1. When the stretch 29-55 is examined, which residues are found to be free of Cβ contacts under 8 Å to residues at least 40 places away in the same chain and either hydroxyl-bearing (S, T, Y) or under 30 Å from V147 (Cα atoms) (or both)?
2. Which residues, counting only those in the stretch 66-89, are more than 17 Å from R112 (Cβ to Cβ) and among the charged types (D, E, K, R)?
3. Hey, could you check the stretch 9-32 for residues that are out of contact with any helix residue (DSSP H, G or I) (no Cβ under 8 Å at 6 or more places or on another chain) and among the hydrophobic types (A, V, I, L, M, F, W, C) and say which is farthest from M45 (Cα to Cα)?
4. Scan the stretch 119-139 and tell me whether some residue there is in contact with a strand residue (DSSP E or B) (Cβ under 8 Å, 6 or more places away or on another chain) and in a loop (DSSP other than H, G, I, E, B).
5. Given the residues L76, L111, L129, which is the only one that is buried (at least 18 other Cβ atoms within 10 Å of the Cβ), over 27 Å from T151 (Cβ atoms) and modelled with pLDDT of 95 or more?
6. State whether the residues of the stretch 43-58 include one that is part of a strand (DSSP E or B), in contact with a Leu (Cβ under 9 Å, 6 or more places away or on another chain) and either loosely packed, with under 12 Cβ neighbours inside 10 Å or of a type in the set (V, I, T) (or both).
7. Which residues, counting only those in the stretch 104-137, are farther than 16 Å from E77 by Cβ and either among the aliphatic types (A, V, I, L, M) or not assigned by TED's automatic domain parsing to the domain that holds E86 (or both)?
Amino acid sequence: MARPKLDAIDLKILKAIQDRADISNTELAALVGLSPSPCLRRVKMLEDARVIQRRVTLLDPAAIDLSVNVFVNVSLEKQVEERLQEFEQAVRRRPEVVECYLMTGESDYLLRVVVPDLAAYEAFLKDHLTRVPGVASIKSSFALKQVQYRTALPLDHLKT
């Protein structure tokens, strides 16, 4: 499906649901200046066009004992399609890996791993990541402090 042309109302809807995924349609409609039925139709159109992919609840990592963030650079022995797919499938199976990007530059992948402590990261590394076929090197960096974390994407460049 082609990307829809977004107008000012669509942008208001997107901003509102990024800020508060649990907003009711009635509240959303009032906030963006529509009645509930047209607002619901717009949200449905945005979902059908995959502009809105899903709605989630964000948890406080410290409240659930996942306060260690590790950024992991992984290089593969060979960058052939089969090895890339094998690595990506292995990473998708690991709940500790909350983000994974195929990269340009010195490493092939950048992962963000969340764990409760260093022992849990060591176990993840030894029992899982080092056992993925084709992994040549792993470099880990531990985050000392989260300075900023956003899930809302910027929308200002789409102004109509």
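The values are calculated or read from the model by the stated rules, or taken from the named source; none is laboratory data. Here the structure is a predicted model, which means the values were calculated and not measured. In this analysis, Cβ positions are derived from the backbone assuming ideal geometry, glycine residues included, and neighbour counts consider all displayed protein chains.
1. S35, S37, I52, Q53, R54, R55
2. Listed by number, the residues that qualify are E77, K78, E81, E82, R83, E86.
3. Checked the stretch 9-32; the qualifying residue farthest from M45 (Cα to Cα) is A30.
4. Within the stretch 119-139, one or more residues are in contact with a strand residue (DSSP E or B) (Cβ under 8 Å, 6 or more places away or on another chain) and in a loop (DSSP other than H, G, I, E, B).
5. Within the list L76, L111, L129, the selection yields L76.
6. No, there is no match, as no residue in the stretch 43-58 is part of a strand (DSSP E or B), in contact with a Leu (Cβ under 9 Å, 6 or more places away or on another chain) and either loosely packed, with under 12 Cβ neighbours inside 10 Å or of a type in the set (V, I, T) (or both).
7. Answer for the stretch 104-137, where residues must be farther than 16 Å from E77 by Cβ and either among the aliphatic types (A, V, I, L, M) or not assigned by TED's automatic domain parsing to the domain that holds E86 (or both): L110, L111, V113, V114, V115, L118, A119, A120, A123, L125.
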